[in-house]
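Below: one structure, written as structure tokens.
Values quoted throughout were computed directly from the atomic coordinates according to the rules given, and no laboratory measurement underlies them. Since we're looking at a predicted model, the values are computed, not measured. Neighbour counts are summed over all protein chains in view; Cβ atoms, including those assigned to glycine, are modelled from backbone coordinates with ideal geometry.
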Amino acid sequence: MGDKFSWVRGYSRNLILSKIAATRKVNDDRCSFSPAQEYDYWLAVLRSAIRSKDISDLDRRRSIVAALSDASLNLNDPDNFLARCEQTYLALSTTLDSEFVLYTTVTYSGPKLIDSLGDGKSRIVWQPKEGPFLRNAVAARQSLSSKRHHRKIPGDDNLNPLLAFVSARDVLSAFEAGIYAIDRFRGLLNCMMNFQHQLNPFATFSSPHAVNSVRLGPFHTLHRTDGSLATETFWFVPQWMHEAPSAKFEDPKDYGRELRKWWKKLNANPLEAMISDALVKYCRGTDAHLHDELLLGTWRSLERIAGTDNYDLLIDRIIRIFPNPEEIRQVANHLRHRRNASVHSGSGDTREAHVIAYQVEQLARRAIFFCLEYGNKFRDQSGLQEFLDMPFELPRIEERDRISRFFTRYRAQLNN
């Protein structure tokens, strides 16, 4: 057995596999699962019971499902099951990538902001030009109109089309890569726009709404490069709403120029992977209408930047970015306690929801821009963490520097 997959302690692996085996029906070397509700129930448990090493979460999940669907495999041996997961992963990882295009919309209507932005792994196209691809893609989306109507998915005619060109092994991987690329882009754009966000003293008299102005539309489809559907499957946001005015730019050329500047900084940054994750978490958190979802989601971007989910350490690190660290410590501690109250008791105070949304968005946005601006000072995230662990007091910094120089000289003496 390889070392890519392993069982998490505390789970009864035989029990979990037996529950899924009870739903599995094998016919002509093909597997089906019924009742589907029971299968989904225990599949979620199984995914938590298996960890992976050096494998993306998507590939881990795909490998587990593929192993369960192998009719030749008996589900009565947990070690054999892990070995099959690994075999499946190795087979999947050798599959050649294909080109896909994710077609979605965003809450914007107005002049064109940019033509396209790429990062070597994906390419975002804003308001695509008329041509064969767009005509075919629009027609393909219209062919799903009856299914869309049946699910009561709102229209998006007044929203801005947005495309993500990605390479992936299959449609699920393509969708996840495409939506990640778009949320990374939207995270950066909303970070720029939310700089002007202010507390609204009358917010308690209105319905809660997302912080972000540029939000995803309700309906997403995946296409081949000729515009045809790559899959009949589509993705949508249940009960989607956007009651705020669509985003507008007073000077789209200036905004586009500024966006391209920060995009270039992001892609040349040694911390690019970490900042990208933080942008996606920030974007998805500040997309949420509900206070609890917004606080939990946006807080995750702070965890990603600080490199820890230990609250005391996270706060100690984040405050070093700000000019008024002790004030920020009070705000961060307040957000920490509100987050915990929301998670453990569901006792969030909706009367202050708009204040909490403003506070956590402000902390996350400023931390992201610090990493964008100064990330080139660090070799990797461990360097950033060393910076964030530095003492405030100058004598302690000088003492640490003196000891570092002594250590270097001492090691040189030993080597001679």
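Here the alpha carbons of the range 94-152 define both size measures, Rg and Dmax, at 14.6, 43 Å. Shown here for the range 325-416: GluC sites (Glu not before Pro) in loop regions (DSSP other than H, G, I, E, B) with at most 11 other Cβ atoms within 10 Å, namely Glu393. Seen from every direction in turn and averaged, the convex hull around the alpha carbons of the chain projects onto 26.8 nm². With the convex hull drawn over the C-alpha atoms of the range 247-304, the volume per residue is 76 Å³. Spatially, the range 222-262 and the range 114-193 are offset by 6 Å when compared through their Cα centroids.
The simple spin-label model puts a point 7 Å past each Cα toward its Cβ; for Asp251 and Asp54 those points are separated by 5.1 nm. Remark: C-alpha extents of the range 5-93 on the principal axes read 34, 29, 21 Å, sorted largest to smallest.
Each of Cys85, Cys31 has some number of other Cβ atoms within 10 Å of its Cβ, and from fewest to most they run Cys31, Cys85. Panel note: the C-alpha atoms of the range 185-339, placed on their principal axes, show extents of 55, 44, 35 Å (largest first). Pairwise alpha-carbon distances in the range 95-250 exceed 19 Å for 56% of all pairs.
Ranked by how many other Cβ atoms sit within 10 Å of their own Cβ, fewest first, the residues Thr107, Thr231, Thr221, Thr298 fall in the order Thr231, Thr107, Thr221, Thr298. Loop-located GluC sites (Glu not before Pro) in the range 97-183 (DSSP state other than H, G, I, E, B) with a sparse environment of at most 10 neighbouring Cβ atoms within 10 Å: Glu130.
So which trypsin sites (Lys or Arg not before Pro) in the range 68-160 are both in a DSSP loop and have at most 15 other Cβ atoms within 10 Å of their Cβ? The qualifying sites are Lys112, Lys121, Lys129, Arg151, Lys152.
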